[in-house]
Amino acid sequence: MGTSVPTAPDGAVNLADVLPSCLVALGAADDAWLRERGLEARITLRPARSAVVVLVDGLGANALAARAGHARFLTATKKRLRSGFPTTTAAALSTLTTGRSPGTHGVVGYSGWVPDESRVVNLLSGWDTEVPAGWLRSGTVFTAARELRVDPVVVAPGRYRSSGMTANVLGGARFVAGDDVRARVDAAVDATASGQQLVYLYIPELDSIAHKHGWQSDRWTAALELVDGELARLAARLAPDVGVLVTADHGILDVPPESNVAMDPDLLVDVVGIAGDPRCRQLTVAPGTDVPALVDAFRSSLGKRAVVASRAEAVAAGWFGAVTDEVLPRIGDVLVVARGSWAFNDDRGVAAGSQPGRMVGQHGAMSDDELLVPLRLAGAFS
């Protein structure tokens, strides 16, 4: 396998830095505390009594820049962060809330392989029924904040209150429901009225619209305008000693129908598990399979449409950050990562003559459209 694979930038500021940096700004944590826990806080923030971290699901920095005229508040600065790989919500949110890389916290994709049970589980919505107990291998920064006498608060749609993902990935925080963006903004303001809080405010609407209609649609632009206006209102209503940090879990790009590729069934014969997103497939193969040969076969089949790597190559290139021995077998033996606007699907179960369901907006790979997310500071952090 002579083809090289791209390497992840070593030491780049990313989502793992966000919550620890806020705790430092609140005066609750210092360098010694960070070193003891192996956390990084590489975002320099001004001191604050409390912090509100807003995560706008699916808001890529490139898409935001392309719609700057519709988002005056969010585009007042051009600071950016790197999301991390893979660029998918389950992995990115776990990175944000634990301060660790996927190779350490264990959520390595939208879905993942369970080695002990030889099956693929959904790591976004499957925490209640599919994901084995103890899957998340790192404690959350919210739990650490509580130990530091900072009140951690999650503000999100009420439907997430009792979900398994909330209990795990958002574990340690007090949940406050708000079923539209305005209600969530009001709840975040109320939560920081007194005392010291670390508030996580989640906005999923843009990502949902992009999946159905694309980020280039009028619906997405209208939703962006609403979110931008509400976040400007948030910054204006908060007390002057409360900092605001707005970012996203990943970006998104629109995949045209003709760019959704059905993977060659002949190459899937020895594959026993297909995990991940269509733009970042993780393939687990049967024991005894010639992995180097399969990697070469996928490279020949897909050409410049994808980066194809073995698990060993991906880990060596730092795609998942530091990878522990426990997490390693969760990563696919072969990774197929889309370039450009391609996506790769397993259509073997699609009935002849029927049209498989496809999303318009997609993510998961390592393009700048997916990796780069905004970093907007306001309030005491501005």
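Considering only the range 292-313, state which residues are touching a Lys or Arg at 6+ places or on another chain (Cβ under 8 Å), part of a helix (DSSP H, G or I) and crowded, with 17+ Cβ neighbours inside 10 Å. Of everything in the range 292-313, just one residue is touching a Lys or Arg at 6+ places or on another chain (Cβ under 8 Å), part of a helix (DSSP H, G or I) and crowded, with 17+ Cβ neighbours inside 10 Å, namely Arg305.
Checking Gly364, Gly349, Gly332, Gly357 one by one, the residue that is on the phi > 0 side of the Ramachandran plot and either out of contact with any Gly (no Cβ under 6 Å at 6 or more places or on another chain) or surrounded by 15 or more Cβ atoms within 10 Å (Cβ to Cβ) (or both) is Gly364 and no other. Looking at Val131, Val153, just one residue is assigned to a loop (DSSP other than H, G, I, E, B), buried (at least 17 other Cβ atoms within 10 Å of the Cβ) and at pLDDT 95 or above, and that residue is Val131. Return yes when Arg376 is within 20 Å of the chain's Cα centre (by Cα) and of a type in the set (D, E, K, R) and no when it is not. Yes. Scanning for something more than 20 Å from the chain's Cα centre (by Cα) and at positive phi, does the range 115-130 turn up at least one residue? Within the range 115-130 (the criterion being more than 20 Å from the chain's Cα centre (by Cα) and at positive phi), the answer is yes, since at least one residue qualifies. Scanning the range 43-66 for residues that are open to solvent by 30 Å² or more (accessible area, probe 1.4 Å), in contact with a helix residue (DSSP H, G or I) (Cβ under 9 Å, 6 or more places away or on another chain) and closer than 30 Å to Ala239 by Cβ yields a count of 3. With respect to Ser217, determine if the residue is touching a helix residue (DSSP H, G or I) at 6+ places or on another chain (Cβ under 9 Å) and either open to solvent by 20 Å² or more (accessible area, probe 1.4 Å) or of a type outside the set (D, E, K, R) (or both). Against the criterion (touching a helix residue (DSSP H, G or I) at 6+ places or on another chain (Cβ under 9 Å) and either open to solvent by 20 Å² or more (accessible area, probe 1.4 Å) or of a type outside the set (D, E, K, R) (or both)), Ser217 qualifies.
The values are calculated or read from the model by the stated rules, or taken from the named source; none is laboratory data. Because the structure is predicted, anything quoted here is derived from the model rather than measured. FYI the Cβ positions are ideal-geometry reconstructions off the backbone, even for glycines, and counts take in every protein chain you see. These accessible areas exclude ligands, DNA and RNA; they are computed on the full protein's heavy atoms, side chains included. Shrake-Rupley method; radii C 1.70, N 1.55, O 1.52, S 1.80 Å.
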